[in-house]
């Protein structure tokens, strides 16, 4: 069996739709749907911050009607008074950053009024990741009708945060299709790069959700050959299931080198 990595097989299966939507126009919708199912997130906003002081709102999706206005206000001036700013800018590596739990006292009165009281936000979790000179700051919110995040939801967010951050960064860094992203991983990153070309083809089709029968038809090979290639690939990778294959891909995306 594959050693435990950054993301468990359980979490891998839950966030796979968002990872495979990287580069697609529907990525924001797939992302928020994934976050809702996994951890009860009501709204997600993503900001790009630079060490030169620039800020942009890249994504605003979910159940906060004035989300776009909040994004513009934060990018315009309020990013400078964000209490998480020091933690974000003190980071010197591309490792994922999990920000401290939300507490109202962290925020100034004006900030708290605009971004929490007036917008009906009652809780927030956040993660971030630096790639080159840009920090992708990913925020997860809940409104009054949802209540605050529970312990289980916080734990799930913490478990998937590295992959969510890596996926967001990858999506906004390049307009590559999911197939291109997968091809790059299989071509350059161990252990996927250690597979034979045919084993890689079979695994990539598995990641797209194709059945063994559909893979056989697509590649023009027998079902027996498809099953053999799958078995050999799984043995090389030290896994025994499709879910663990997803886990390997998500671990690679979540790691610092996954964004190179």
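Values in this text are rule-based calculations from the coordinates and carry no lab data. Just so it is clear, the structure is predicted and the values come from calculations on it, not from any experiment. FYI the Cβ positions are ideal-geometry reconstructions off the backbone, even for glycines, and counts take in every protein chain you see.
Round to the nearest 0.05 the FRET efficiency obtained for residue 194 and residue 106 when R0 = 51 Å and r is the Cβ-Cβ distance.
Working: r = 46 Å, r/R0 = 0.91.
Result of the calculation: an efficiency of 0.65.
Over region 24-173, consider all pairs of different Cα atoms and compute the Kirkwood hydrodynamic radius from their mean reciprocal separation; express it in Å, one decimal. Display every interim value, and only then the final one.
On the way: mean 1/r = 0.0652 Å⁻¹.
One over the average 1/r among Cα pairs gives 15.3 Å for region 24-173.
With 10 angstrom as the radius, rank 205, 171 by how many other C-beta atoms surround their C-beta, starting from the fewest. All intermediate terms of the calculation are to be shown ahead of the outcome.
On the way: 205 19, 171 24.
Taking fewest neighbouring Cβ atoms as first place, the list is 205, 171.
Evaluate the distance, in nm, between pseudo-label points positioned 7 Å from the Cα of residue 81 and of residue 173 along their respective Cα→Cβ axes.
So the label points at residue 81 and residue 173 sit 3.4 nm apart.
Quick one: go through region 91-113 and flag any residue whose amide nitrogen is under 20 Å from the point 7 Å out along the Cα-to-Cβ line of residue 151.
100-103
Based solely on its DSSP helices, what 222 nm [θ] is calculated for the chain when runs of n ≥ 4 H residues each add -39,500 (n - 2.57) and the sum is averaged over all residues, nearest 500 deg cm²/dmol?
Working: 11 runs with 126 residues, N = 260.
So the calculated ellipticity at 222 nm is -15000 deg cm²/dmol.
Quick one: if you stick a label point 7 Å off each Cα along the C-beta vector at residue 54 and residue 98, how many nm between them?
Rounded to a tenth, the inter-label distance reads 3.2 nm.
How compact and how long is region 178-259, expressed as Rg and Dmax of its alpha-carbon atoms in Å?
Just the Cα atoms of region 178-259 yield Rg and Dmax of 12.1, 39 Å.
Using the alpha-carbon atoms, what tilt in degrees (0 to 90, nearest 10) does helix 9-20 show relative to the longest principal axis of the chain?
Here the helix axis deviates by roughly 80 degrees.
Using the Kirkwood radius built from alpha carbon pairs, what does the Stokes-Einstein equation give as D for the chain at 10 °C and 1.306 mPa s, in µm² per second? Kindly include the intermediate steps, with their values, before the conclusion.
Numbers: Rh = 19.4 Å.
In µm²/s, the coefficient is 82.
Enter the angle in degrees (range 0 to 90, nearest 10) between the Cα long axis of helix 178-188 and the first principal axis of the Cα atoms of the chain, meaning the one along which they spread out most.
70
Taking the chain as a Gaussian network, where each spring joins two C-alpha atoms under 10 Å apart, which residue of 82, 151, 60 fluctuates the most?
The residue that fluctuates most here is 151.
Mind checking the angle between helix 197-207 and the chain's longest principal axis? C-alpha axes, 0 to 90 degrees, to the nearest 10.
In the chain, helix 197-207 runs at an angle near 50 degrees to the longest axis.
How high is the relative contact order of the chain, given as a whole-number percent (alpha carbon pairs under 8 Å, six or more residues apart)?
Working: 377 pairs, mean separation 67.4, N = 260.
Contact order relative to length: 26 percent.
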